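Trainee: Just dropping this structure here.
Readers should treat all values here as calculations from the given coordinates under stated rules, not as data from a laboratory. All values reported here derive from a predicted model rather than from experimental measurement. Every residue, glycine as well, gets a Cβ built from its backbone with ideal geometry; the counts of neighbours run over all protein chains shown.
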Ligand SMILES: [Zn+2]
Ligand SMILES: [Zn+2]
């Protein structure tokens with residue numbers, strides 16, 4: 001804090017700086033600095049960060065949505081593909097009622 005006391009705000013030369021902006025490294029007074037995402041940042045950097053964020057979202061938003069939808073479709077396809085394979089692998093006797101009948105008989109008459 002000893003460093004801060006000797007520092008003055010970038011915008012107000014008469015005011016003592018209370019915080020240092022992690023983005024630009026400049027010192028600012030209480031009025032010139034704001035909290036953003038759990039860290040103190042100067043107004044100019046806050047504006048820049050906000051613009052970057054919206055631009056980032058605008059650029060990757062639709063692409064991410066397409067990727068998510070495609071991934072969801074792929075997962076659904078794989079799920080039904082495996083389900084289909086399992087159904088195909090079930091022996092036809094099972095549907096005719098012989099497998100479970102045999103198992104039931106084994107349960108009733110243990111060897
Ligand atoms: Zn800054
Ligand atoms: Zn200031």
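Trainee: Separation between the residue 39 and residue 54 pseudo-spin-labels, each 7 Å from Cα along Cα→Cβ, expressed in nm?
Mentor: Here the answer is 2.2 nm between the modelled labels.
Trainee: Given 0.36 nm per residue, what is the gain on full extension from residue 102 to residue 14 after removing their alpha carbon distance, in nm?
Mentor: Here the answer is 22.2 nm.
Trainee: Do the sum for the chain: with -39,500 (n - 2.57) for every DSSP H run of n ≥ 4, divided by all residues, what is the mean residue ellipticity at 222 nm, to the nearest 500 deg cm²/dmol?
Mentor: Counting only the DSSP helices, I get -20000 deg cm²/dmol.
Trainee: Between residue 68 and residue 109, what is the label-to-label distance in nm when each label sits 7 Å out along the Cα-to-Cβ direction?
Mentor: Computed distance between label sites residue 68 and residue 109 equals 6.0 nm.
Trainee: While we're looking at this one, here's another question. So for the range 2-73, what percent of the C-alpha to C-alpha distances run longer than 21 Å?
Mentor: The share of Cα pairs beyond 21 Å in the range 2-73 comes to 44 percent.
Trainee: Compute the long axis of helix 43-89 from its Cα atoms, compare it with the longest principal axis of the Cα atoms of the chain, and write down the angle in degrees, 0 to 90, nearest 10.
Mentor: Between helix and principal axis, roughly 10 degrees.
Trainee: Using a Gaussian network model of the chain whose springs link C-alpha atoms within less than 10 Å, name the residue from 71, 61, 84 with the highest mean-square fluctuation.
Mentor: 84
Trainee: May I ask you to work out the translational diffusion coefficient for the range 44-111 at 10 °C, viscosity 1.306 mPa s, via Stokes-Einstein with Rh from the Kirkwood sum over Cα pairs, reported in whole µm²/s?
Mentor: Working: Rh = 17.3 Å.
This corresponds to a translational diffusion coefficient of 92 µm²/s.
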